[in-house]
Amino acid sequence: MRSISCGVITRFAPSPTGWLHAGHAYAAWVAWRMAMHGGGEMLLRHEDIDFSRVREEYYGAIEEDLRWLGVAWPEPVWRQSQRGAAYVAALEQLREAGLVYPCFCTRKEIAAEWARMGQAPQMGDEMEGVIYPGTCRDLSESERNERLERGDAHAWRLNVGEAARRWGGLYFYDRRFGKIAVDGQHSGDVVVARKDIGAAYHLAVVVDDAAQGVTLASRGEDLLGATHVHRILQIALDLPELEYLHHPLVLDQEGKRLAKRHDALSLRSMRAMGQKPEQCWAAAEKWLRGFL
Ligand code: GLU
(Lines give C-alpha, C1' and ligand atoms only; values in the text may rest on other atoms or scores of the structure.)
Protein backbone atom coordinates (compact mmCIF):
# COMPACT_ATOMS: atom_id res chain seq x y z
CA MET A 1 0.00 0.00 0.00
CA ARG A 2 2.94 2.26 0.72
CA SER A 3 4.83 3.47 -2.31
CA ILE A 4 7.96 1.39 -2.90
CA SER A 5 9.61 3.90 -5.21
CA CYS A 6 12.63 5.71 -3.80
CA GLY A 7 12.18 8.86 -5.87
CA VAL A 8 9.90 11.81 -5.16
CA ILE A 9 6.46 10.65 -4.02
CA THR A 10 3.66 13.13 -4.55
CA ARG A 11 -0.07 12.74 -4.29
CA PHE A 12 -3.21 14.15 -5.79
CA ALA A 13 -5.96 14.07 -3.18
CA PRO A 14 -9.37 15.14 -4.47
CA SER A 15 -12.65 14.82 -2.60
CA PRO A 16 -15.26 12.85 -4.55
CA THR A 17 -17.90 15.50 -4.02
CA GLY A 18 -18.13 16.82 -7.58
CA TRP A 19 -16.63 16.69 -11.08
CA LEU A 20 -13.00 17.68 -11.46
CA HIS A 21 -12.44 21.14 -12.95
CA ALA A 22 -9.58 23.13 -14.46
CA GLY A 23 -8.16 23.82 -10.99
CA HIS A 24 -7.91 20.11 -10.24
CA ALA A 25 -6.26 19.51 -13.61
CA TYR A 26 -3.63 22.10 -12.68
CA ALA A 27 -3.05 20.48 -9.27
CA ALA A 28 -2.90 16.95 -10.66
CA TRP A 29 -0.47 18.01 -13.37
CA VAL A 30 1.85 19.67 -10.87
CA ALA A 31 1.82 16.56 -8.65
CA TRP A 32 2.39 14.27 -11.62
CA ARG A 33 5.22 16.28 -13.18
CA MET A 34 7.05 16.78 -9.89
CA ALA A 35 6.93 13.02 -9.30
CA MET A 36 8.09 12.18 -12.82
CA HIS A 37 10.87 14.74 -12.62
CA GLY A 38 11.98 13.28 -9.30
CA GLY A 39 11.99 9.70 -10.58
CA GLY A 40 9.13 8.63 -8.31
CA GLU A 41 5.39 8.37 -8.60
CA MET A 42 2.18 10.23 -7.98
CA LEU A 43 -0.32 8.58 -5.70
CA LEU A 44 -4.06 9.14 -5.91
CA ARG A 45 -6.03 9.40 -2.70
CA HIS A 46 -9.76 9.96 -2.41
CA GLU A 47 -10.40 12.26 0.55
CA ASP A 48 -13.88 11.01 1.26
CA ILE A 49 -14.44 11.27 4.99
CA ASP A 50 -17.14 13.90 4.67
CA PHE A 51 -19.75 11.22 3.99
CA SER A 52 -22.66 13.62 3.60
CA ARG A 53 -21.09 15.26 0.54
CA VAL A 54 -19.50 12.26 -1.17
CA ARG A 55 -21.26 10.56 -4.09
CA GLU A 56 -20.33 7.16 -5.42
CA GLU A 57 -20.27 8.15 -9.10
CA TYR A 58 -17.52 10.73 -8.55
CA TYR A 59 -14.82 8.19 -7.66
CA GLY A 60 -14.87 6.62 -11.12
CA ALA A 61 -15.44 9.95 -12.86
CA ILE A 62 -12.36 11.44 -11.18
CA GLU A 63 -10.18 8.55 -12.29
CA GLU A 64 -11.57 8.71 -15.83
CA ASP A 65 -10.85 12.45 -16.08
CA LEU A 66 -7.32 11.97 -14.73
CA ARG A 67 -6.54 9.23 -17.23
CA TRP A 68 -7.73 11.48 -20.02
CA LEU A 69 -5.49 14.24 -18.70
CA GLY A 70 -2.55 11.88 -19.05
CA VAL A 71 -1.48 11.17 -15.49
CA ALA A 72 -1.08 7.74 -13.90
CA TRP A 73 -0.86 6.31 -10.40
CA PRO A 74 -0.26 2.94 -8.76
CA GLU A 75 -3.14 0.81 -7.48
CA PRO A 76 -4.73 0.42 -5.04
CA VAL A 77 -6.07 3.94 -4.75
CA TRP A 78 -6.53 4.91 -1.12
CA ARG A 79 -9.85 6.01 0.26
CA GLN A 80 -9.76 7.87 3.54
CA SER A 81 -13.13 6.36 4.42
CA GLN A 82 -11.30 3.04 4.90
CA ARG A 83 -8.63 4.50 7.17
CA GLY A 84 -10.71 5.17 10.27
CA ALA A 85 -8.64 2.94 12.56
CA ALA A 86 -5.44 4.84 11.73
CA TYR A 87 -7.09 8.17 12.55
CA VAL A 88 -8.49 6.83 15.83
CA ALA A 89 -5.00 5.62 16.80
CA ALA A 90 -3.45 9.00 15.95
CA LEU A 91 -6.09 10.83 17.96
CA GLU A 92 -5.42 8.54 20.89
CA GLN A 93 -1.71 9.35 20.65
CA LEU A 94 -2.49 13.09 20.74
CA ARG A 95 -4.87 12.59 23.65
CA GLU A 96 -2.30 10.68 25.67
CA ALA A 97 0.23 13.40 24.97
CA GLY A 98 -2.22 16.02 26.29
CA LEU A 99 -2.23 17.93 23.01
CA VAL A 100 -5.95 17.83 22.25
CA TYR A 101 -9.08 18.64 24.20
CA PRO A 102 -12.76 17.90 23.65
CA CYS A 103 -14.82 20.81 22.34
CA PHE A 104 -18.56 20.81 22.93
CA CYS A 105 -19.31 24.10 21.13
CA THR A 106 -21.70 24.43 18.23
CA ARG A 107 -20.97 26.85 15.35
CA LYS A 108 -23.58 29.17 16.82
CA GLU A 109 -21.87 29.20 20.19
CA ILE A 110 -18.52 29.96 18.56
CA ALA A 111 -20.04 32.94 16.70
CA ALA A 112 -21.72 34.09 19.94
CA GLU A 113 -18.39 33.90 21.78
CA TRP A 114 -16.71 36.15 19.21
CA ALA A 115 -19.62 38.60 19.53
CA ARG A 116 -19.31 38.54 23.32
CA MET A 117 -15.64 39.44 22.99
CA GLY A 118 -16.79 42.35 20.83
CA GLN A 119 -14.91 41.16 17.76
CA ALA A 120 -15.65 40.00 14.26
CA PRO A 121 -14.78 36.31 13.97
CA GLN A 122 -11.15 35.93 12.96
CA MET A 123 -10.54 33.71 9.95
CA GLY A 124 -8.02 30.89 10.05
CA ASP A 125 -7.01 28.61 7.22
CA GLU A 126 -9.01 27.51 4.22
CA MET A 127 -10.20 24.26 5.78
CA GLU A 128 -10.89 25.58 9.23
CA GLY A 129 -12.77 28.82 8.59
CA VAL A 130 -13.39 30.82 11.75
CA ILE A 131 -10.66 30.60 14.39
CA TYR A 132 -11.85 28.93 17.56
CA PRO A 133 -11.95 31.39 20.46
CA GLY A 134 -10.76 28.72 22.90
CA THR A 135 -13.87 28.34 25.05
CA CYS A 136 -13.51 24.63 25.86
CA ARG A 137 -9.73 24.80 26.28
CA ASP A 138 -10.24 26.23 29.73
CA LEU A 139 -12.90 23.82 31.02
CA SER A 140 -11.99 22.26 34.33
CA GLU A 141 -10.97 18.62 34.32
CA SER A 142 -14.11 17.68 36.26
CA GLU A 143 -16.47 19.53 33.94
CA ARG A 144 -14.77 18.00 30.93
CA ASN A 145 -15.06 14.48 32.34
CA GLU A 146 -18.63 14.99 33.42
CA ARG A 147 -19.65 16.10 29.94
CA LEU A 148 -17.73 13.26 28.29
CA GLU A 149 -19.36 10.71 30.62
CA ARG A 150 -22.76 12.21 29.90
CA GLY A 151 -22.07 11.57 26.20
CA ASP A 152 -22.30 15.21 25.07
CA ALA A 153 -21.42 15.53 21.37
CA HIS A 154 -17.87 16.80 20.99
CA ALA A 155 -15.08 17.39 18.51
CA TRP A 156 -11.37 17.19 19.43
CA ARG A 157 -9.21 20.26 18.97
CA LEU A 158 -5.45 20.62 18.80
CA ASN A 159 -4.08 22.84 21.56
CA VAL A 160 -1.67 24.91 19.44
CA GLY A 161 -0.51 26.98 22.41
CA GLU A 162 0.60 23.81 24.19
CA ALA A 163 2.33 22.60 21.01
CA ALA A 164 4.19 25.92 20.74
CA ARG A 165 5.35 25.59 24.36
CA ARG A 166 6.79 22.15 23.62
CA TRP A 167 8.20 22.77 20.16
CA GLY A 168 9.17 26.36 19.55
CA GLY A 169 11.05 27.27 16.39
CA LEU A 170 9.45 24.80 13.97
CA TYR A 171 9.72 25.32 10.22
CA PHE A 172 8.45 23.82 7.04
CA TYR A 173 9.99 24.03 3.58
CA ASP A 174 8.12 25.03 0.48
CA ARG A 175 9.87 24.81 -2.89
CA ARG A 176 8.30 28.08 -3.96
CA PHE A 177 8.22 30.14 -0.77
CA GLY A 178 11.28 28.74 0.98
CA LYS A 179 11.65 28.21 4.73
CA ILE A 180 8.54 29.23 6.65
CA ALA A 181 8.35 29.55 10.43
CA VAL A 182 5.41 27.63 11.89
CA ASP A 183 2.82 29.83 13.54
CA GLY A 184 0.24 27.73 15.35
CA GLN A 185 -1.94 30.76 15.94
CA HIS A 186 -2.38 31.15 12.20
CA SER A 187 -5.26 28.68 12.23
CA GLY A 188 -5.83 28.48 15.98
CA ASP A 189 -7.01 25.35 17.78
CA VAL A 190 -8.18 23.41 14.71
CA VAL A 191 -10.50 20.43 14.81
CA VAL A 192 -8.62 17.15 14.40
CA ALA A 193 -11.66 14.91 14.92
CA ARG A 194 -15.13 16.07 13.98
CA LYS A 195 -18.19 15.30 16.08
CA ASP A 196 -19.94 13.48 13.27
CA ILE A 197 -17.13 11.51 11.61
CA GLY A 198 -14.45 11.04 14.26
CA ALA A 199 -11.67 12.40 12.04
CA ALA A 200 -11.01 15.63 10.21
CA TYR A 201 -9.03 16.91 7.25
CA HIS A 202 -5.86 17.98 9.08
CA LEU A 203 -5.32 14.74 10.96
CA ALA A 204 -6.28 12.46 8.07
CA VAL A 205 -3.94 14.20 5.62
CA VAL A 206 -0.95 14.10 7.94
CA VAL A 207 -1.49 10.46 8.93
CA ASP A 208 -1.97 9.37 5.32
CA ASP A 209 0.89 11.35 3.81
CA ALA A 210 3.19 9.59 6.25
CA ALA A 211 1.62 6.16 5.83
CA GLN A 212 1.85 6.42 2.05
CA GLY A 213 5.46 7.56 2.11
CA VAL A 214 4.72 10.93 0.46
CA THR A 215 7.86 13.08 0.27
CA LEU A 216 6.51 16.17 -1.50
CA ALA A 217 2.97 17.45 -0.95
CA SER A 218 1.94 19.76 -3.77
CA ARG A 219 -1.36 21.57 -3.45
CA GLY A 220 -3.02 24.94 -3.97
CA GLU A 221 -1.65 28.00 -2.19
CA ASP A 222 -5.00 28.37 -0.40
CA LEU A 223 -3.78 25.55 1.84
CA LEU A 224 -0.53 27.22 2.85
CA GLY A 225 -2.13 28.13 6.19
CA ALA A 226 -3.02 24.51 6.86
CA THR A 227 0.61 23.50 6.53
CA HIS A 228 1.42 25.24 9.83
CA VAL A 229 -0.97 22.79 11.49
CA HIS A 230 0.37 19.83 9.54
CA ARG A 231 3.93 20.47 10.64
CA ILE A 232 2.81 20.58 14.28
CA LEU A 233 0.90 17.32 13.86
CA GLN A 234 3.91 15.63 12.25
CA ILE A 235 6.09 16.51 15.23
CA ALA A 236 3.39 15.58 17.73
CA LEU A 237 2.81 12.19 16.10
CA ASP A 238 6.49 11.56 15.47
CA LEU A 239 6.02 11.38 11.69
CA PRO A 240 8.57 12.34 9.05
CA GLU A 241 8.77 15.85 7.69
CA LEU A 242 7.64 16.47 4.10
CA GLU A 243 8.52 19.09 1.56
CA TYR A 244 5.73 21.25 0.14
CA LEU A 245 4.96 23.04 -3.07
CA HIS A 246 1.98 25.38 -2.88
CA HIS A 247 1.03 26.33 -6.42
CA PRO A 248 -1.11 29.22 -7.69
CA LEU A 249 -4.84 28.72 -8.04
CA VAL A 250 -6.80 28.76 -11.26
CA LEU A 251 -9.17 31.72 -11.13
CA ASP A 252 -12.34 32.44 -13.06
CA GLN A 253 -12.92 35.62 -15.06
CA GLU A 254 -13.92 37.52 -11.95
CA GLY A 255 -10.71 36.50 -10.23
CA LYS A 256 -12.48 34.03 -7.95
CA ARG A 257 -11.17 30.60 -7.22
CA LEU A 258 -12.77 27.82 -9.24
CA ALA A 259 -15.28 25.72 -7.39
CA LYS A 260 -17.41 22.75 -8.19
CA ARG A 261 -20.25 25.09 -9.12
CA HIS A 262 -18.34 26.14 -12.28
CA ASP A 263 -19.80 23.35 -14.31
CA ALA A 264 -18.64 24.72 -17.66
CA LEU A 265 -15.07 24.35 -16.47
CA SER A 266 -15.43 20.74 -15.44
CA LEU A 267 -13.02 18.47 -17.25
CA ARG A 268 -15.87 16.38 -18.54
CA SER A 269 -17.56 19.42 -20.14
CA MET A 270 -14.27 20.52 -21.64
CA ARG A 271 -13.79 17.05 -22.99
CA ALA A 272 -17.31 17.08 -24.43
CA MET A 273 -16.51 20.38 -26.13
CA GLY A 274 -13.56 18.74 -27.86
CA GLN A 275 -10.74 20.32 -25.85
CA LYS A 276 -7.47 18.48 -25.78
CA PRO A 277 -5.76 17.43 -22.54
CA GLU A 278 -2.79 19.69 -23.38
CA GLN A 279 -5.08 22.70 -23.12
CA CYS A 280 -5.90 21.64 -19.59
CA TRP A 281 -2.35 21.24 -18.39
CA ALA A 282 -0.62 23.94 -20.44
CA ALA A 283 -0.82 26.61 -17.71
CA ALA A 284 0.54 24.26 -15.05
CA GLU A 285 3.35 23.17 -17.35
CA LYS A 286 4.34 26.77 -17.98
CA TRP A 287 4.40 27.59 -14.28
CA LEU A 288 6.35 24.43 -13.51
CA ARG A 289 9.29 25.60 -15.59
CA GLY A 290 10.78 27.24 -12.54
CA PHE A 291 10.75 23.95 -10.61
CA LEU A 292 11.79 21.30 -13.09
N1 GLU B 1 -8.64 17.09 -0.39
C2 GLU B 1 -8.11 18.41 -0.44
C3 GLU B 1 -8.86 19.21 -1.49
O4 GLU B 1 -9.58 18.64 -2.29
C5 GLU B 1 -6.64 18.42 -0.77
C6 GLU B 1 -5.87 18.39 0.45
C7 GLU B 1 -4.37 18.37 0.35
O8 GLU B 1 -3.81 18.32 -0.76
O9 GLU B 1 -3.76 18.40 1.38
O10 GLU B 1 -8.71 20.42 -1.51
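Could you look through the range 208-222, keep only residues that are open to solvent by 20 Å² or more (accessible area, probe 1.4 Å) and within 13 Å of the ligand (Cβ to nearest atom), and pick out the one that is nearest to Lys256 (Cα to Cα)?
Among those residues, the one meeting the criterion is Asp222.
In the list Leu242, Leu249, Leu292, which residue meets the criterion of being modelled with pLDDT of 95 or more and of a type outside the set (Ser, Thr, Tyr)?
None of the other options fit; the residue is Leu242.
Of everything in the range 21-34, what is near the ligand (Cβ under 10 Å from one of its atoms) and either within 18 Å of Leu292 (Cα to Cα) or surrounded by 24 or more Cβ atoms within 10 Å (Cβ to Cβ) (or both)? Give them in sequence order.
Answer for the range 21-34, where residues must be near the ligand (Cβ under 10 Å from one of its atoms) and either within 18 Å of Leu292 (Cα to Cα) or surrounded by 24 or more Cβ atoms within 10 Å (Cβ to Cβ) (or both): His24, Ala27, Ala31.
If you take the residues in the range 1-17 that are surrounded by 20 or more Cβ atoms within 10 Å (Cβ to Cβ) and farther than 13 Å from Ala217 by Cβ, which one is nearest to the ligand (Cβ to nearest atom)?
If we take residues in the range 1-17 being surrounded by 20 or more Cβ atoms within 10 Å (Cβ to Cβ) and farther than 13 Å from Ala217 by Cβ, then Pro14 is nearest to the ligand (Cβ to nearest atom).
Could you go through the range 105-126 and let me know if any residue there is open to solvent by 30 Å² or more (accessible area, probe 1.4 Å), among the hydrophobic types (A, V, I, L, M, F, W, C) and touching a residue at least 60 places away in the same chain (Cβ under 8 Å).
no
Can you find a residue that is closer than 24 Å to His21 by Cβ, within 11 Å of the ligand (Cβ to nearest atom), aromatic (Phe, Trp, Tyr) and open to solvent by less than 20 Å² (accessible area, probe 1.4 Å) anywhere in the range 236-244?
yes
Of the residues Leu245, Leu239, Leu223, only one is in a helix (DSSP H, G or I) and under 18 Å from Arg11 (Cβ atoms); which?
Among Leu245, Leu239, Leu223, only Leu223 is in a helix (DSSP H, G or I) and under 18 Å from Arg11 (Cβ atoms).
Got at least one residue in the range 148-168 being open to solvent by less than 30 Å² (accessible area, probe 1.4 Å), free of Cβ contacts under 8 Å to residues at least 60 places away in the same chain and over 25 Å from Ala86 (Cβ atoms)?
yes
Looking at the range 47-66, is at least one residue in a strand (DSSP E or B) and either of a type in the set (A, V, I, L, M) or surrounded by fewer than 18 Cβ atoms within 10 Å (Cβ to Cβ) (or both)?
The answer is no, given that none of the residues of the range 47-66 is in a strand (DSSP E or B) and either of a type in the set (A, V, I, L, M) or surrounded by fewer than 18 Cβ atoms within 10 Å (Cβ to Cβ) (or both).
Out of Gly84, Gly98, report the one residue that is of a type in the set (Gly, Ala, Ser), closer than 30 Å to Arg150 by Cβ, within 20 Å of the chain's Cα centre (by Cα) and at pLDDT 95 or above.
Gly84
Is it the case that Gly225 is out of contact with any strand residue (DSSP E or B) (no Cβ under 6 Å at 6 or more places or on another chain) and either under 23 Å from Ser5 (Cβ atoms) or more than 16 Å from the ligand (Cβ to nearest atom) (or both)?
Answer is no for this residue.
The values are calculated or read from the model by the stated rules, or taken from the named source; none is laboratory data. Note that this is a predicted model, so its numbers are computed, not measured. Glycine gets a Cβ as well: all are built from the backbone with ideal geometry, and neighbour counts include every protein chain shown. Heavy atoms of the whole protein, side chains included, go into the accessibility calculation; ligands, DNA and RNA do not. Shrake-Rupley method; radii C 1.70, N 1.55, O 1.52, S 1.80 Å.
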